[in-house]
Amino acid sequence: MLSARIRIAARLLAVVTLAALTAGCFRPMYAEHTDGTPGLREKLMGVELPPVDKPNASREARVGVEVRNALAFKLYGTATGMPPTHRLALRFTSSRSSLIIDPNTGLPSSENYGIDVQYNLIEIATNKSVMTGTTFSRVSYDMPGSYQRFSRNRAVRDAEDRAANEVAENISTRLASFFTAGT
């Protein structure tokens, strides 16, 4: 009985010792630096987001604006005014595919909407690409009855917005990783 208590106490002591040794190694990702170097928030605010090159008044232009706006909010929040250090170029394609076709009307009752994005982070000072990547999003949506065209349009638009937000989240996470780890 006494040896069991000693073993438990020794294990607890080992855990507490290891926790104390590693306590100084952890720094929150978005923490401000006390040594004067810019933190992650300042680095992300230095990313310039040029408009996505899509034909004006097209559905893809609206999706491009949605991706850019969602990404800007994730990178900057409501802050502005930092001089850009990097430029993020975005190119994307979108797709729609029917999943389920109503046998009576021949119209789709469920569809998938997809966005495939290629992004390139360019350092403005040297005009060199420092990071490239791709991401995608696939979202499904239901199409209401064949005579509800406004509901159908709204379902497509909501799917586009959800996919744009998901892609923006993927890219902002990758940028945060790049600016934190440098790779």
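Observations, loosely collected:
- When Asp161, Asp53, Asp116 are compared by accessible area at a 1.4 angstrom probe, the order from most to least is Asp53, Asp116, Asp161.
- All aspartates and glutamates inside 16 Å of Lys74 as judged from Cα atoms, apart from same-chain residues fewer than 8 positions distant: Glu42, Glu48, Glu66, Asp161, Glu166, Glu169
- Entry note, the range 94-134: relative contact order of 30 percent, from Cα contacts under 8 Å with a spacing of 6+ residues.
- Cα Rg over Rh - the range 81-128, Kirkwood: 1.41
- Look at the alpha carbon pairs under 8 Å that are at least 6 residues apart: their mean separation over the length of the range 81-173 gives a relative contact order of 25 percent.
- Legend: P(r) of the range 61-140 from all alpha carbon pair distances, 10 Å bins from 0, whole percents, reading 15, 34, 27, 13, 8, 3, 0.
- Highest mean first, the peptides 95-108, 55-68 sorted by other C-beta atoms within 10 Å per residue fall in the order 55-68, 95-108.
- Residues listed by number, the range 126-159, amide nitrogen under 15 Å from Asp116 label point at 7 Å toward C-beta: 133-139
- Tail fraction, Cα-Cα pairs, the range 82-183, threshold 23 Å, whole percent: 43 percent
- Size descriptors for the chain (Cα atoms only): Rg and Dmax, in that order, 24.0, 79 Å.
- Only helices enter this figure: runs of n ≥ 4 DSSP H residues, each worth -39500 (n - 2.57), summed and divided by the residues of the chain, yield -14500 deg cm²/dmol at 222 nm to the nearest 500.
- What a 1.4 Å probe finds exposed on the range 38-93 is 57% carbon and sulfur by accessible area, rounded to a whole percent.
- Between helix 2-22 and the chain: long-axis angle, C-alpha atoms, 0 to 90°, nearest 10: 60 degrees
- Applying 1/(1 + (r/R0)^6) with r as the Cβ-Cβ distance of Glu42 and Thr134 and R0 = 30 angstrom yields a FRET efficiency of 0.65.
- The chain: angle of helix 59-76 to the longest principal axis, Cα-based, in degrees nearest 10: 20 degrees
- Average silhouette area of the range 44-106, convex hull of alpha-carbon atoms, in square nanometres: 6.4 nm²
- Entry note, the chain: relative contact order of 19 percent, from Cα contacts under 8 Å with a spacing of 6+ residues.
- The string of couplings for the range 99-106 from the Karplus curve (6.51, -1.76, 1.60, θ = phi - 60°) is 9, 10, 10, 6, x, 6, 9, x Hz, one whole number per residue in order, with x for Gly and Pro.
- Around the amide H of Ile101, modelled in the peptide plane, lie the amide H atoms of Ser109, all under 5 Å away and 5 or more residues distant in sequence or on another chain.
The values are calculated or read from the model by the stated rules, or taken from the named source; none is laboratory data. Please read all numbers here as calculations on a predicted model, not as lab measurements. When we count neighbours, we look across all protein chains shown, and the Cβ atoms used for this are built from the backbone with ideal geometry, even at glycine. Areas reflect the complete protein model, heavy atoms only, side chains present, ligands, DNA and RNA absent. Shrake-Rupley method; radii C 1.70, N 1.55, O 1.52, S 1.80 Å.
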